[in-house]
Amino acid sequence: MDSKIIDIQDLPDVVRSKSAKGRTITAIAGPPGAGKSTVSDRLAELLNEAEPDSAAVFPMDGFHYDDMILNARGWRPRKGAPHTFDVRGFGHMLDRLRANDEPEVAVPVFDRAIETSRNAARIIPQSVRHIVVEGNYLLLQDDPWNTLADRFDTTVFLDVPYDTLKARLAQRWKALAPDNFEVKMEGNDLPNVRLVQTRSAPADYRIVNA
């Protein structure tokens, strides 16, 4: 099935159309540098403009393994790659949010300033009707990421050209020393970009050049 191209302004109507069965979960997927956080925050903002406090953002990045685990397994240089996340823990949290049978749920949030996850750093109350989930690998077809798909009511992929992503990531890491910059870009971020672009399942919708 081909993805339909959609504008962010039209996406709230799609999300609201899925709410008859209760709380909705919308996946915003895309490679590093695609603008997932910006699009997710904007979608939640648009939903909340129409119905205050109805939407909340739940980032996947809160489920990074801690550096202590990454170092022990020799994975620290690849932090952010698919195998450096607690995927099944993330799936269980999605199930908990879907059930919506608790007064509130505390979710972890990744703090980029210190490059680590903060546990219970964001509260999602029971009154929230729309959860906007964002992350690189939400549509990845490889196990165990492929177990997530059935948990989403709507899926959106941010379709951004490879060269644009490369330029954005280069800007993100420009303060690094040349050797560290090369390791970060060619050893981690760009392989992750290529993986997401080639191994993600087709989404319901695409936002082009987010």
Next item on the list: Sort through W173, W145 and tell me the only one that's crowded, with 22+ Cβ neighbours inside 10 Å and of a type outside the set (D, E, K, R).
Entry: W145
Note to self: Looking only at helices (runs of 4 or more DSSP H) that lie completely in the range 1-79, which have at least 2 residues being buried (at least 20 other Cβ atoms within 10 Å of the Cβ)?
What the structure shows: 11-17, 36-50
Check: Would you call G187 surrounded by fewer than 15 Cβ atoms within 10 Å (Cβ to Cβ) and out of contact with any Lys or Arg (no Cβ under 6 Å at 6 or more places or on another chain)?
Finding: yes
Notebook entry, point to check: Pick from the range 183-210 the residues that are charged (D, E, K, R) and in contact with a Leu (Cβ under 9 Å, 6 or more places away or on another chain): which of them is farthest from W145 (Cα to Cα)?
Noted result: K184
Notebook entry, point to check: Is it the case that D150 is acidic (D, E) and crowded, with 18+ Cβ neighbours inside 10 Å?
Noted result: no
Notebook entry, point to check: Picking from L165, L158, L195, which residue would you name as being surrounded by 13 or more Cβ atoms within 10 Å (Cβ to Cβ), in contact (Cβ under 8 Å) with a residue 40 or more places away in the chain and over 10 Å from G33 (Cβ atoms)?
Noted result: L195
Checklist line | the range 154-210: number of residues that are modelled with pLDDT of 95 or more, part of a loop (DSSP other than H, G, I, E, B) and of a type outside the set (D, E) | finding: 5
Note to self: Please go through the range 51-86 and give me each residue that is closer than 17 Å to V132 by Cα and either aromatic (F, W, Y) or over 12 Å from the mean Cα position of the chain (by Cα) (or both), ordered by number.
What the structure shows: E51, P52, D53, S54, A55, A56, F58, F63
Notebook entry, point to check: Is at least one residue of the range 133-153 in a loop (DSSP other than H, G, I, E, B) and among the polar types (S, T, N, Q)?
Noted result: yes
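Residues in the range 91-103: is at least one surrounded by 13 or more Cβ atoms within 10 Å (Cβ to Cβ) and under 25 Å from W173 (Cα atoms)?
Scanning the range 91-103, I find no residue that is surrounded by 13 or more Cβ atoms within 10 Å (Cβ to Cβ) and under 25 Å from W173 (Cα atoms), so the answer is no.
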Next item on the list: Report, by residue number, each residue of the range 112-141 that is in contact with a strand residue (DSSP E or B) (Cβ under 9 Å, 6 or more places away or on another chain), surrounded by fewer than 23 Cβ atoms within 10 Å (Cβ to Cβ), within 20 Å of D67 (Cα to Cα) and not acidic (D, E).
Entry: T116, S117, R118, N119, A120, A121
Check: Got a sec? Which of R206, R118, R172 is in contact with a Pro (Cβ under 8 Å, 6 or more places away or on another chain) and basic (K, R)?
Finding: R118
Next item on the list: Could you run through the range 79-116 and say how many residues are within 30 Å of V183 (Cβ to Cβ), polar (S, T, N, Q) and at pLDDT 95 or above?
Entry: 1
Next item on the list: Could you tell me which of the residues K4, K21 is basic (K, R) and under 19 Å from I124 (Cβ atoms)?
Entry: K21
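The values are calculated or read from the model by the stated rules, or taken from the named source; none is laboratory data. Here the structure is a predicted model, which means the values were calculated and not measured. FYI the Cβ positions are ideal-geometry reconstructions off the backbone, even for glycines, and counts take in every protein chain you see.
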